[in-house]
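Okay, so here's the structure we're looking at.
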Amino acid sequence: MSGHSEFQPTSAPVKWLERRLPILSLMHGAAVAFPTPKNLNYWWTFGGILMFCLGVQIITGVILVMHFTPHVDMAFSSVEHIMRDVNYGWLIRYIHSNGASMFFLAVYIHMFRGLYYGSYKEPRELIWILGMVIYVLMTAAAFFGYVLVWGQMSFWGATVITNLFGAIPLVGDFLLSLLWGGFSVDNPTLNRLFSLHYLVPFLIAGVVVLHIWALHVPGNNNPLGIDVKGPQDTVTFHPYYTIKDTFAVVMFMIFFALFVFYMPNALGEPDNYIEANRLSTPAHIVPEWYLLPFYAILRSIPDKLLGVIAMGIAIFVLFLVPWLDTSKVRSARFRPLYKQFFWLFLIDALILGYIGAKPAEGMYLVIGRIATAYYFLHFFIILPVLGLVETPKPLPESISKSVLDKSAAGKAA
Amino acid sequence: MKNKSQIILRSIVLAAGLALLPAAAQASEGVALKQVDWSFNGPFGTFDRPQLKRGFQVYKEVCAACHSIKFVSYRNLSEAGGPQFTEAEVKTIAAAGNVTDGPNADGEMFERPAEPKDRIVKPFPNDNAARAANNGALPPDLSLMAKARKNGPDYLYSVLTGYAEPPEGVVMADGMNFNHYFPGQQIAMPQPLSDDQVTYEDGTPATLDQMAQDVTAFLMWTAEPKLEDRHKLGLKVMMFLVLFAGLLFATYKRVWKDQH
Ligand code: HEM
């Protein structure tokens, strides 16, 4: 990471370590002295919140594994064993299961923050792409984890999702038998998903390191979307942002704890408290809430293969956003038209999420199709065209000037 | 400044919209359930111990003829947060059931009375036996039932009190019973409860309504035996976090003072 550190070791052991492995000065540069724009708002605290979420999932997950049995005959009752017999097992499990939802809530806020303030634009394209890699890995981790419980929704969700891979021409059957380890979702499937569920979070941790490394080359974007002009625009990461991020994490923990302690099953499907049964299909098979928008896109296309392709493009298009958005201005604050379309897109995503939870029939199907069409319209037409036709508002001279103006206005009022 | 308040305003509108979605979704689904003001509802909710004891009595004397509660052991009945029978009472309750144990020194399996450490004995040795005794229908395990249905406790109470004569024109399949709240309104379970089905040891009048509430509360406990612990710990955690957040906010303001 770049050399922002004026780290001067004073004690002998630190000097000794520093000459052999300069890890302390590296961390000092990355998390203490790192110059950070002074005008970041609370939407910028979600990066820290996401690190917290990953840590929570890994710690609670490792503890769950100590008591969990990955076998079709025992998985469901071993989860109940955790809930009933393991000391504070109920707490660990409810943190882990709600933690997945909190993780996704935070990542969606983080992503929409990026979309609003144009954080994916030059020179931060690769940060965005690494973020998308993390997001895709997260969906995989969450899906694998959900199957482990071996409830009805685990089993039937796994059946539906793995079957999607079967729709891929030529290699579909091969992929299916690779995923299943047999001719349907069964014990070998549970075993390989268990192994992968343990693996993926550590892959995520690795990509997070790259994500932050890439971030520390150009530094943070900011709500104005203009470049840092000099030291007067920044503050050191510590203590200014360490304290702000810590405060935000604790506020997030309060929200998180509300679910864990007072409505631990509100975000889950009741059907997953019924043990998997291959002879009885639940009336509605729905994924967890965080995958619903993509599920809606999948089902709005009548053809299975085309549906899978549409869903794939819906995710893949996000990787291309840095090039689909043709505007040079980053922040939506100075883009009067894009700002409106940003909110429309957010509403569209929420509608898709709502439709994903409903049966694909009647009005729901019609609305789902319109919302799907709009989703693609936003990325493939609106984003590129806006940058060409929109007249942005004048940009402020610098961050420090804008901050000074603002606090002057605040004092006058 | 305008931008910021706009964003905040819009987030609030969005959050409100999100909160309303499930309500709208609910409204569009089937028969509205009867709602009971359960003692375990809300952030300070606890189980009503005499009610859990009565509920266990209803389970034991009525439901246990057909339904298992396989995730519950006899010893759980005396644990904190549950019906809290005494250990002596639990021994007596357990001894009424028989379990197969072994092999003994001679290599033989043998029957013995159940002990507190054993799981509550199931009415049928396997699903096929249960079906054979119930016209082909399988009485599901009830341990988790209160969490395995939407609005579980209200649903259980509604089903147990929702039997009626089929309305005119409704043709019932063979061996099925009409129930307002069961999906499809035809249920294989014959009405299990009616007034004075049991005689409560604590003298509470055993009306259908009372028994349905009691057994539902008991099944909520079998599904969520750590509910009281959860509520108690939650309060402590919340108080700590709110206090901590307040201190952090004050520190945050202090640290940033020289920047404004
Ligand atoms: C990216 C981070 C992770 C995510 C998003 C995630 C997500 C999930 C989800 C959604 C479930 C189902 C929860 C339920 O309904 O009970 C689950 C279960 C599980 N996870 Fe994870 N997980 C993560 C990391 C880990 C790690 C690092 C481990 C272990 C090293 C782990 C071990 C388990 C186990 C044993 C279960 C099954 C037991 C249970 O249901 O509580 N997880 N996970």
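A short reminder: the numbers here are calculations on the coordinates, not readings from a lab. Being a predicted model, the structure only gives us computed values, none of them experimental. Quick reminder, even Gly has a Cβ in these numbers, built from the backbone with ideal geometry, and neighbours come from all protein chains shown.
Here the simple spin-label model places points 7 Å from the Cα toward Cβ, and for A:Ile254 and A:Ala33 these points are separated by 3.6 nm. Comparing A:Gln340, A:Gln57, A:Gln152 in a Gaussian network model of chain A, where Cα atoms under 10 Å apart are tied by springs, the biggest mean-square fluctuation is seen for A:Gln340.
The mean sequence separation of alpha-carbon pairs under 8 Å and at least six residues apart, normalised by the residue count of the range B:55-112, gives a relative contact order of 17 percent.
Karplus-based coupling profile of the range A:178-186, in residue order and whole Hz: 5, 5, 7, x, x, 10, 6, 5, 7, with θ = phi - 60° in 6.51 cos²θ - 1.76 cosθ + 1.60 and x standing for Gly or Pro. Backbone geometry of the range A:328-337 corresponds, through the Karplus equation with coefficients 6.51, -1.76 and 1.60 at θ = phi - 60°, to 3J(HN,Hα) couplings of 7, 7, 7, 6, 5, 4, 10, 10, x, 7 Hz, x marking Gly and Pro.
Sort chain B into rounded, prolate or oblate with this rule: let a ≥ b ≥ c be the square roots of the eigenvalues of the Cα gyration tensor; rounded if a/c is under 1.5, and if a/c is not under 1.5, prolate when a/b is larger than b/c, oblate otherwise. All intermediate terms of the calculation are to be shown ahead of the outcome.
Values: a/c = 2.49, a/b = 1.51, b/c = 1.65.
Cα axes put chain B in the oblate bin.
Calculated [222 nm] ellipticity per residue, helices only, for the protein assembly as shown: -18500 deg cm²/dmol; basis is -39500 (n - 2.57) per DSSP H run with n ≥ 4, divided by all residues, nearest 500. Remark: the Cα gyration tensor places the range A:196-329 in the oblate category, a/c being 1.5 or greater and a/b not exceeding b/c.
When a/c is below 1.5 the answer is rounded, else prolate if a/b is larger than b/c, else oblate, so apply that to chain A with a ≥ b ≥ c taken from the square roots of the Cα gyration tensor eigenvalues. Since a/c reaches 1.5 but b/c is at least a/b, the shape of chain A is classed as oblate. Per-residue Karplus couplings for the range A:23-37, computed as 6.51 cos²θ - 1.76 cosθ + 1.60 with θ equal to phi - 60°, are listed in order as 6, 5, 5, 4, 5, 4, x, 7, 10, 10, 7, 3, x, 10, x Hz, Gly and Pro entered as x. Counting 0.36 nm for each residue step from A:Asn87 to A:Ile347 and taking away their Cα separation leaves a gain of 89.3 nm. Each of B:Leu77, B:Thr204, B:Thr92 was placed along the dipole of chain B (beta-carbon charges, centred on the mean Cα), and the one lying farthest toward the positive end is B:Leu77. Suppose each label sits 7 Å from its Cα in the direction of the beta carbon; what would the A:Leu26-A:Thr281 distance come out to in nanometres? For the pair A:Leu26/A:Thr281, the computed spacing is 5.2 nm. Across the options B:Tyr59, B:Ala250, A:Val136, the greatest Cα extent toward the positive end of the charge dipole of the protein assembly as shown (unit charges at beta carbon of Lys, Arg, Asp, Glu) belongs to B:Ala250.
For the peptide A:257-265, the mean number of other protein chain Cβ atoms found within 10 angstrom of a residue's Cβ is 5. Taking 0.36 nm per residue of sequence separation and removing the Cα-Cα distance, the A:Ile370/A:Leu199 pair yields an extension gain of 57.8 nm. Which of the helices in chain B, when you take each full DSSP H run, stretch at least 24 Å along the axis at their Cα atoms and have an average Kyte-Doolittle score of -0.5 or higher? Span-like helices in chain B: B:2-27, B:227-256. Say each of A:Ile315 and A:Asp73 gets a label point 7 Å from the Cα, pointing the same way as Cα to Cβ; how far apart are those two points in nm? It is 3.5 nm.
Summary value for chain B: 22 percent relative contact order, contacts being C-alpha pairs under 8 angstrom separated by 6+ residues. Pairs of Cα atoms nearer than 8 Å and 6+ residues apart set the relative contact order; for the range A:38-405 it is 23 percent. Counting, for every residue in B:232-243, the Cβ atoms of other protein chains within 10 Å of its Cβ and taking the mean gives 4.
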